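The values are calculated or read from the model by the stated rules, or taken from the named source; none is laboratory data. These numbers come from a predicted model, not from an experiment. Because the Cβ atoms are built from the backbone with ideal geometry, glycine has one as well, and the counts that use them run over all protein chains shown.
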């Protein structure tokens, strides 16, 4: 009799926890802007968000590198909205070819880890031809939980041979309801 009560008690607590547990994290892309500075090197075919349902949307970016790029750099900047977008957390410039081999920067490693399974940008240099990020969406479990709630902008300026070629701006909302 006592074992039955303990089993039902544990089962009741487990069910109550499962019903009351809510991740309470909302992550949603609000805008994606891609702009090519030099269309003789890089052409953007598609840069858009697609709504899957009310709470989930995916990002699709499709571009073509017309000439082999051996020296690729990227400047990652994170902005937080507070009376306009203000610089926040990091502003780094890294060698993308070296990063693909060793993943030496922790912030870039987080950003790259989020979208590498949705992309064909996971091989070493040189890059040429179609570069695709297709169906990219974020799962709240893959985000670090040290981010405060708010509106953010992740800006990535891509450099080929130390010349800016294109920029990708991703606007998103991160809300954590505790």
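Considering the conditions (1) surrounded by fewer than 16 Cβ atoms within 10 Å (Cβ to Cβ); (2) in contact (Cβ under 8 Å) with a residue 60 or more places away in the chain; (3) in contact with a helix residue (DSSP H, G or I) (Cβ under 7 Å, 6 or more places away or on another chain), residue 67 is excluded by exactly one of them, (3).
Out of the residues in the range 77-103 that are surrounded by fewer than 16 Cβ atoms within 10 Å (Cβ to Cβ) and touching a helix residue (DSSP H, G or I) at 6+ places or on another chain (Cβ under 7 Å), state the one that is farthest from residue 31 (Cα to Cα). Here the answer is 103. Do we have residue 151 as in contact (Cβ under 8 Å) with a residue 40 or more places away in the chain and out of contact with any helix residue (DSSP H, G or I) (no Cβ under 6 Å at 6 or more places or on another chain) here? For residue 151, the condition - in contact (Cβ under 8 Å) with a residue 40 or more places away in the chain and out of contact with any helix residue (DSSP H, G or I) (no Cβ under 6 Å at 6 or more places or on another chain) - is met. For the range 144-173, taking the residues that are out of contact with any strand residue (DSSP E or B) (no Cβ under 6 Å at 6 or more places or on another chain) and farther than 22 Å from residue 96 by Cβ, the one that is modelled with the lowest pLDDT is identified as 145.
Would you check if residue 74 is surrounded by 14 or more Cβ atoms within 10 Å (Cβ to Cβ) and assigned to a strand (DSSP E or B)? In short, yes. In this structure, residue 80 does not qualify as within 20 Å of residue 167 (Cα to Cα) and either free of Cβ contacts under 8 Å to residues at least 24 places away in the same chain or out of contact with any strand residue (DSSP E or B) (no Cβ under 9 Å at 6 or more places or on another chain) (or both). Every condition in (1) assigned to a helix (DSSP H, G or I); (2) closer than 22 Å to residue 171 by Cβ holds for residue 101 except the one numbered (2). With respect to residue 30, determine if the residue is exposed (fewer than 14 other Cβ atoms within 10 Å of the Cβ), on the phi < 0 side of the Ramachandran plot and not in a strand (DSSP E or B). The answer is no for residue 30. Within the range 115-130, being surrounded by 16 or more Cβ atoms within 10 Å (Cβ to Cβ) and part of a helix (DSSP H, G or I) holds for 115, 118. The condition of being under 14 Å from the mean Cα position of the chain (by Cα), under 23 Å from residue 38 (Cβ atoms) and at pLDDT below 95 holds for only one of 131, 77, that being 77.
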